[in-house]
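The values are calculated or read from the model by the stated rules, or taken from the named source; none is laboratory data. Bear in mind the structure is a predicted one, so any value in this text is a computation, not a measurement. Glycine also receives a Cβ, built like all others from the backbone with ideal geometry; neighbour counts cover every protein chain displayed. Ligands, DNA and RNA are excluded from the accessible area calculation, which covers all protein heavy atoms including side chains. Shrake-Rupley method; radii C 1.70, N 1.55, O 1.52, S 1.80 Å.
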Amino acid sequence: MVKHQPLQVYERQLCLSCLTGIYGCRWKRYQRSHDDSSKWECSWFFLLCCSFLLLLVWSYFWLEAHNDYNEFNWLLYNRSAIWKDGTVPILATTLTGFTYTAFLMILALCHIVLGQQLNLYWIHKIVVLAILLTTITGVVFIDDFWQDEWDIVIISLQFTGPFLHIGALAVVTALGWVIAGQVVRVERSRLQVVTLVIYVSLLLVLYLVPLFISSPCIMDRSKLGPRPTVIGRRGAPMLAPEHTIMSFSKALQQKVTALEADVTISLDGVPFLMRDRTLRRTTNVDKLFPARQDHDASFFNWTEIRSLNAGLWFLRDDPYWTVQYMSEKDRNRTANQTVCSLAELLRLAARTNRSVIFSLRRPPLQHPHHQLWVSDALKVIQRSSILPEQVMWTPDWYRKKVRAAVPLLQQTSDEKLPVAELKERGISTLTLHYSQARAQDIRQFSGSNVSINVYPVNEPWLYSLMWCSGVQSVSSDAPHILKKVPNPVWIMSADEYGLIWITSDLISVAIVIGIFIFQNYHLIRWKMSGMRSYNPEQIMLSAVVHRPSRDVNLMKEKLIFSGETHEHSCVEIKPG
């Protein structure tokens, strides 16, 4: 009787089958290969890495740009004349693309660790290429449409830099397992040497990056200034329709210290509150005056403006996704709001002892009050019951005449000027966009008794950053959110940060060295155990399969060391 003993035992490898199946549609055992990946497949892996890294930056941009989502939608409205939340499709596609590429990246790294070829399935290739091109298109669009918003990335790094450094260090340290496997287990080719050099260089850069990280929140707690006061920008527009009495009342409930508004002059010389050039977005002008809905808001008289509803749009468009949280009483109140005049705002501020800051838009050249717009606003201020020192005057036009007419007005400017010029103009407060409020400038202006007000500040992290920078006040669309920030989100001394930095670097060094030692030790044990038990006939049978040179060399070594001990075939012949 002849009894054949199998040369190989095929085991089910469900995990490996799933990896190679999902990544390259290679579900069968014979479809897998330990050969080196072709240059073509390596190129696709490079494109996958580029897509993932670009989407990572793109996702970070939109995460930090949350502070300015309404500004983005407002810019879209000015181009299309249709209000829509343009951030929703962008965020949905970004999240989907990032999840998809991150999943493929994990699968690709698993292939590298297990020595499998990087054969990306053709459907994945098409999707990855589409994601890459779409993301590049989005970056180009934002650079053209919203170029100033790139500043948010640089500013946010002052707040997130220390934590991003630790996260990046953790990821690169973990990648040491993949790099060590490639360097230790394969021949010392030029590619492996270059890979090792690049990896070590990247680690060294990460170890030294904190030398270049500068954040206002890295400071002694004893030097932290008082909490910046919050100004209701157009009231509380996330809780009620902007520039309405209801919106300003909601802002006062959040303990704001001042109210901010945009002022336009009507056809008959009445200053009223309106941000847009037209009345389309925030009123029902299309219903009452359909033929004039695209006309400049200043070409309507006050009677016509007062007849418009300024709240129904808020319930319809839900610009901040907050309508669902409104009570039935607030919804009914919202539906009956009208356009607010400057006189009404000043009366409300005087009654509640709050300051008012406003920007004044000059009417078009054909407007009957084109030359009288400043005097129209001054008359309203003088006739109101508010104290002049509670009004922050921003327009730079005819500033000398304004100071002469009402000397107690707080002179404010939105133009960043030298301290000497500010003093000459009598300006005591600067209102700056957060991108212009650098910590060193704030310290310089504060040292010269010039207060700094920063806008728009809607997120706790930006509020914390401005607080640590030393600003005196911020203008916010979200006073109800900033009200819940009694302290900066984080603050640490330079010594504390230095300790965290050095400790993280030392832990990373220890882990990376440990990974390389373990990989070397594991490889030596694997070679020694293989030399003792490897069957020469398996080598002969494997010769018909193409293998890379590193596998052939290992087989030769095992055949030499096992030649004396294996003299018999694996086929046993026994008498029946």
Inset, instruction - Among residues belonging to the range 286-318 that are in contact with a strand residue (DSSP E or B) (Cβ under 8 Å, 6 or more places away or on another chain) and not in a loop (DSSP other than H, G, I, E, B), point out the one that is most open to solvent (accessible area, probe 1.4 Å). - result: 306
Legend entry - Residue under evaluation residue 112, criteria (1) over 24 Å from residue 26 (Cα atoms); (2) more than 28 Å from the chain's Cα centre (by Cα); (3) β-branched (Val, Ile, Thr), criterion not met: (1)
Inset, instruction - Within the range 403-420, track down each residue that is within 37 Å of the chain's Cα centre (by Cα) and within 20 Å of residue 359 (Cβ to Cβ). - result: 410, 411, 412, 413, 414, 415, 416, 417
Inset, instruction - Kindly establish whether residue 411 is out of contact with any Pro (no Cβ under 9 Å at 6 or more places or on another chain), open to solvent by 30 Å² or more (accessible area, probe 1.4 Å), not in a helix (DSSP H, G or I) and not hydroxyl-bearing (Ser, Thr, Tyr). - result: no
Inset, instruction - Give just the number: which of (1) in a helix (DSSP H, G or I); (2) open to solvent by 20 Å² or more (accessible area, probe 1.4 Å) does residue 321 not satisfy? - result: (1)
Legend entry - Any hit, the range 24-38, residues being of a type in the set (Ser, Thr, Tyr), closer than 30 Å to residue 145 by Cβ and open to solvent by less than 60 Å² (accessible area, probe 1.4 Å): no
Inset, instruction - Output the number of residues of the range 349-394 satisfying the condition of being among the aliphatic types (A, V, I, L, M) and open to solvent by 50 Å² or more (accessible area, probe 1.4 Å). - result: 3
Legend entry - Conditions (1) farther than 27 Å from residue 155 by Cβ; (2) surrounded by fewer than 18 Cβ atoms within 10 Å (Cβ to Cβ): number failed by residue 107: (2)
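Yes/no per residue for (1) in the same structural domain as residue 211 (by the TED database); (2) under 23 Å from residue 50 (Cβ atoms); (3) modelled with pLDDT under 90:
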residue: 131; (1), (2), (3): yes, yes, no
residue: 134; (1), (2), (3): yes, yes, no
residue: 138; (1), (2), (3): yes, yes, no
residue: 154; (1), (2), (3): yes, yes, no
residue: 162; (1), (2), (3): yes, no, no
residue: 168; (1), (2), (3): yes, yes, no
residue: 195; (1), (2), (3): yes, yes, yes
Inset, instruction - Can you tell me which residue among 222, 215 is in contact with a Gly (Cβ under 7 Å, 6 or more places away or on another chain) and among the hydroxyl-bearing types (Ser, Thr, Tyr)? - result: 215
Inset, instruction - All but one of (1) of a type in the set (Val, Ile, Thr); (2) within 28 Å of residue 324 (Cβ to Cβ); (3) open to solvent by 20 Å² or more (accessible area, probe 1.4 Å) hold for residue 256, so report the exception by its number. - result: (3)
Inset, instruction - Please list, ordered by first then second residue, the pairs with beta carbon atoms under 6 Å, 6 or more apart or interchain, first in the range 145-164 and in contact (Cβ under 8 Å) with a residue 24 or more places away in the chain, second of a type in the set (D, E, K, R). - result: 152/64; 156/64
Legend entry - Among (1) of a type outside the set (D, E, K, R); (2) surrounded by 12 or more Cβ atoms within 10 Å (Cβ to Cβ); (3) farther than 25 Å from residue 461 by Cβ - the single one residue 164 does not satisfy: (3)
Inset, instruction - Hey, can you tell me all the residues within the range 220-233 that are of a type outside the set (Gly, Ala, Ser) and open to solvent by 20 Å² or more (accessible area, probe 1.4 Å)? - result: 220, 221, 223, 224, 226, 227, 229
Legend entry - Residue under evaluation residue 442, criteria (1) in contact with a Phe, Trp or Tyr (Cβ under 9 Å, 6 or more places away or on another chain); (2) open to solvent by less than 30 Å² (accessible area, probe 1.4 Å); (3) among the β-branched types (Val, Ile, Thr); (4) not in a strand (DSSP E or B), criterion not met: (1)
Legend entry - Enumeration of residues in the range 481-504 that are assigned to a helix (DSSP H, G or I) and surrounded by 20 or more Cβ atoms within 10 Å (Cβ to Cβ): 482, 501
Inset, instruction - Give me a count of the residues in the range 445-475 that are part of a helix (DSSP H, G or I), open to solvent by 10 Å² or more (accessible area, probe 1.4 Å), among the small types (Gly, Ala, Ser) and out of contact with any strand residue (DSSP E or B) (no Cβ under 9 Å at 6 or more places or on another chain). - result: 1
Legend entry - Qualifying positions in the range 275-318 - within 32 Å of the chain's Cα centre (by Cα) and small (Gly, Ala, Ser): 311
Legend entry - Residue list for the range 85-109, filter: touching a residue at least 60 places away in the same chain (Cβ under 8 Å) and farther than 25 Å from residue 26 by Cα: 85
Inset, instruction - Determine if the range 422-432 includes at least one residue that is in contact with a Pro (Cβ under 8 Å, 6 or more places away or on another chain) and either open to solvent by less than 10 Å² (accessible area, probe 1.4 Å) or not basic (Lys, Arg) (or both). - result: no
Inset, instruction - May I ask you to say which residue of 132, 114 is touching a helix residue (DSSP H, G or I) at 6+ places or on another chain (Cβ under 9 Å) and either crowded, with 16+ Cβ neighbours inside 10 Å or small (Gly, Ala, Ser) (or both)? - result: 132
